[in-house]
Amino acid sequence: VPDVFGYVDFLRLPTLADKLRLFPDLARSFRIYENPLAIRYFSQTPYALVGHEAPLQVVKYMAVPVDPAEQAPIVLTPEQMAARPPHYLREVMAAHLASRAATFAFYVHQAPDSAAAMVDDATRLWRGGAMTKVATITIPVQDFRTPAQDDFAETISYSPWHCLHAHRPLGSVNLARRRVYREASALRHANRAEPPTEPTN
């Protein structure tokens, strides 16, 4: 959806068929992959980038797998999908990280034209604009399938707004996410009788 009002329109549609008819790009979200460590990740929404004594730039982010190499989506029949265990992606990721690290190249993509036209339309493709690699993300060898690690994952909060003001999310979708992520975290912690906590390091 382009903006937060588009979300309202989307949620009011009664069936999946209605949603697919009016939001045809939705079908792309049903793609199936073999390995979460071999997928390209990107920020659909824009963010601010403010350098030292520099004006605000509008950017998006992208993480591209280096090892393992990026994989294309796969096609499975309904029967093949039903035969897969519910946590197969978790198990594939665990098997990879048991023996070797995973690495991603992290890019900043600058808005190719007027920033004002880009901020509140999350569906607009950014054709052009500088794409700059700024970092390498390394996920080290580890076993994350432990009770302590699962408990840790359930007692932290995540939000795109966990950032410096200079890198803040932009646009109405991100403003909505700020509220929704906070409310979801509060509910999740209340269900576990845990006080909500914010990351400290």
Within region 1-44, residues being of a type in the set (A, V, I, L, M), under 30 Å from Arg100 (Cα atoms) and assigned to a loop (DSSP other than H, G, I, E, B) number 1
Neighbours by Cβ (under 6 Å, 6+ apart or cross-chain): first from region 182-197, in a helix (DSSP H, G or I); second open to solvent by 70 Å² or more (accessible area, probe 1.4 Å):
Ser185/Pro196; Ala186/Pro196; His189/Pro196
Test of understanding: among Ser185, Ser157, Ser172, which residue is surrounded by 14 or more Cβ atoms within 10 Å (Cβ to Cβ), of a type in the set (Gly, Ala, Ser) and either modelled with pLDDT under 90 or more than 20 Å from the chain's Cα centre (by Cα) (or both)?
Ser157
What are the residues in region 133-150 that are surrounded by 11 or more Cβ atoms within 10 Å (Cβ to Cβ), part of a strand (DSSP E or B) and either without any contact (Cβ under 8 Å) to a residue 60 or more places away in the chain or not polar (S, T, N, Q) (or both), if any?
Lys133, Ala135, Ile137, Thr138, Ile139
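Working carefully through the options Ala105, Ala111, find the one that is within 15 Å of Val58 (Cβ to Cβ) and of a type in the set (A, V, I, L, M).
Values: Ala105 fails: within 15 Å of Val58 (Cβ to Cβ).
Exactly one of Ala105, Ala111 is within 15 Å of Val58 (Cβ to Cβ) and of a type in the set (A, V, I, L, M), namely Ala111.
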Within region 80-91, track down each residue that is surrounded by fewer than 11 Cβ atoms within 10 Å (Cβ to Cβ) and either in contact (Cβ under 8 Å) with a residue 12 or more places away in the chain or small (Gly, Ala, Ser) (or both).
Met81, Ala82, Ala83
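Take region 45-60 and flag every residue that is hydroxyl-bearing (Ser, Thr, Tyr) and in a loop (DSSP other than H, G, I, E, B). Working first, answer last.
So in region 45-60, the residues hydroxyl-bearing (Ser, Thr, Tyr) come out as 45, 47.
Passing the criteria: only Thr45.
Which of the following residues is surrounded by fewer than 14 Cβ atoms within 10 Å (Cβ to Cβ), of a type outside the set (D, E, K, R) and either farther than 29 Å from Val8 by Cα or free of Cβ contacts under 8 Å to residues at least 40 places away in the same chain (or both): Ala98, Ala105, Ala94? Give the derivation first.
On the way: Ala105 fails: surrounded by fewer than 14 Cβ atoms within 10 Å (Cβ to Cβ); Ala94 fails: surrounded by fewer than 14 Cβ atoms within 10 Å (Cβ to Cβ).
After ruling out the rest, the residue left standing is Ala98.
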Sole exception among (1) exposed (fewer than 13 other Cβ atoms within 10 Å of the Cβ); (2) closer than 27 Å to Gly129 by Cβ; (3) over 17 Å from the mean Cα position of the chain (by Cα) for Arg31, by number
(3)
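The values are calculated or read from the model by the stated rules, or taken from the named source; none is laboratory data. The structure displayed is predicted, hence computed values, not measured ones. Here the Cβ is made from the backbone with ideal geometry for all residues, glycine too, and neighbour counts use every protein chain on show. We work out accessible area using only protein heavy atoms, side chains counted, and drop any ligands, DNA or RNA first. Shrake-Rupley method; radii C 1.70, N 1.55, O 1.52, S 1.80 Å.
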